[in-house]
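Working notes, structure below.
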Amino acid sequence: MNQKYTIALLPGDGIGPEVIKEAVKVLRSLEKILKIELILNEVPVGGAAYEAEGHPLPANTLNVAQSADAVLLGAVGGPKWEKIDFSLRPERALLGLRSHLKLYANLRPAKVFPALVDASSLKKDLVDNLDILVVRELTGGIYFGEPRGVDTLVDGSRRGFNTLVYTEEEIKRIARVAFDVARKRNKRVVSVDKANVLEVTGLWREVVSEVHSEYDDIILEHMYVDNCAMQLVRLPKQFDVIVTTNMFGDILSDEASMLTGSIGMLPSASVGGKTAMYEPIHGSAPDIAGKGLANPLATILSVGMMFKYSFGREEVNHKIESAVESVLDQGIRTRDILSHKMIEVSTEEMGDRVVSELEK
Ligand code: IPM
Ligand code: MG
């Protein structure tokens, strides 16, 4: 009997549906090549779900996601929903999925493809062969801490507040993820905090060091977040694995992604629970939605991460990465990574090119 996997498809908003469509082509092609069976269940999420059902994360969408073997998400959000209540914004769907699926570890690789080395805003020798993995804590910290809100003081003026909180257990488990992945890479971890100012990240630093005592083959360094932001653009190749809090990870992973030239190239995996979720790092890019300009490679590479982390098939990830690399080597580019003398293609053509490489 063929191996069978159920995948929840959550296209979402903006360019989400366009890039998911190309990822589906890749999935269907893999189904043939690998002789596996893929059941793809598409459900609405984000603004699209809000329009259709009045909620960005409808119960059925969550159910379909929870009962799948893996989730593939496009992107959520857009100007249309910026004015509605926080609790109904498209972004809440993402946070809801992360916390319901217990996806406490977000893996965001920033890897430079040789053909794109000139797309980086940094000098070539600073970024060629760059390969960083940001491990971002995803279900705790200031994103989820209570109390939170905006209230009114006795003098009638308003006050806004959020809470940055981490338990020892939350820090331990994300530290273990970082050390475990570092073991399969260059065995170096930089833990990023603001321990000179924030007590909770002082605890972070202590606990990460404690967990490190179980990993004597890994080199651990601690770094303040402001210094890390600077070091990333000064000398990015000093990093292998970066492990950090939810909000610092949000910021540093965007910074790290740009070292590679385009945020349109980077996949991500959110793991920790029974069902993991895969998504491109980029957002819904409403300004280019529907124009065939979106780069589907980040989503296609996210499918690769799915095979690696959820289905235990690292060789399929390699296969997808090689297909993407060949397409790039042929000079094929979407607009976001276009440079002199390269061939511009649409979102769909890019998907087709990857499929034809896979099927070679
Ligand atoms: C990300 C995004 C999200 C986040 C937003 C859309 C809620 O920026 O995945 O990095 O802040 O986590
Ligand atoms: Mg972000």
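Structure summary
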| quantity | calculated |
| --- | --- |
| Residues (charged (D, E, K, R) and assigned to a loop (DSSP other than H, G, I, E, B)) located in the range 106-127 | LYS123 |
| Close pairs from the range 137-162: first under 23 Å from GLY273 (Cβ atoms), partner among the aromatic types (Phe, Trp, Tyr) and surrounded by fewer than 10 Cβ atoms within 10 Å (Cβ to Cβ), Cβ under 7 Å, at least 6 apart | none |
| Set GLY74, GLY47: member being under 30 Å from GLU357 (Cα atoms), surrounded by 22 or more Cβ atoms within 10 Å (Cβ to Cβ) and in contact (Cβ under 8 Å) with a residue 24 or more places away in the chain | GLY74 |
| Filter result for the condition that a residue is crowded, with 18+ Cβ neighbours inside 10 Å, over 15 Å from PRO296 (Cα atoms), in contact (Cβ under 8 Å) with a residue 60 or more places away in the chain and of a type in the set (A, V, I, L, M, F, W, C), over ILE7, ILE33 | ILE7 |
| Residues that are outside any helix (DSSP H, G or I) and surrounded by 15 or more Cβ atoms within 10 Å (Cβ to Cβ), drawn from the range 155-184 | ASN162, LEU164, TYR166 |
| Check on THR244, of a type in the set (Val, Ile, Thr), touching a residue at least 60 places away in the same chain (Cβ under 8 Å) and surrounded by fewer than 23 Cβ atoms within 10 Å (Cβ to Cβ) | no |
| Candidates ASP352, ASP254, filtered to the one that is within 24 Å of GLY78 (Cα to Cα) and touching a residue at least 12 places away in the same chain (Cβ under 8 Å) | ASP254 |
| First in the range 273-296 and over 13 Å from GLY74 (Cβ atoms), second anywhere and among the hydroxyl-bearing types (Ser, Thr, Tyr) and within 16 Å of ligand 1 (Cβ to nearest atom), Cβ under 8 Å, 6 or more apart | GLY273/TYR104; ALA276/SER270 |
| Scope the range 195-215; condition part of a loop (DSSP other than H, G, I, E, B) and closer than 21 Å to ILE132 by Cα; matching residues | TYR215 |
| Residues (in a loop (DSSP other than H, G, I, E, B) and more than 19 Å from ILE242 (Cβ to Cβ)) located in the range 128-152 | ASP128, PHE144, GLY145, GLU146, PRO147, ARG148 |
| Residue pairs meeting the criteria (Cβ under 8 Å; at least 6 apart or on separate chains; first in the same structural domain as PRO56 (by TED's automatic domain parsing), in the range 81-93; second surrounded by 13 or more Cβ atoms within 10 Å (Cβ to Cβ) and of a type in the set (Phe, Trp, Tyr)) | TRP81/TYR50; ILE84/TYR50; LEU88/TYR50; LEU88/TRP81; ARG89/TRP81; PRO90/TYR50; PRO90/TRP81 |
| Count of residues meeting criterion [acidic (Asp, Glu) and part of a helix (DSSP H, G or I)] in the range 4-28 | 2 |
| Answer residue from the range 251-271, given it is crowded, with 19+ Cβ neighbours inside 10 Å and closer than 25 Å to GLY145 by Cβ and is farthest from ligand 1 (Cβ to nearest atom) among those | VAL271 |
| Out of ILE174, ILE219, ILE263, sole residue that is within 30 Å of LEU9 (Cβ to Cβ), in contact with a strand residue (DSSP E or B) (Cβ under 9 Å, 6 or more places away or on another chain) and more than 16 Å from ligand 2 (Cβ to nearest atom) | ILE174 |
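The values are calculated or read from the model by the stated rules, or taken from the named source; none is laboratory data. Only a predicted model underlies this, so the values are computations on that prediction, with no experimental measurement involved. Cβ: placed from backbone, ideal geometry, glycine included. Neighbour counts: every protein chain shown.
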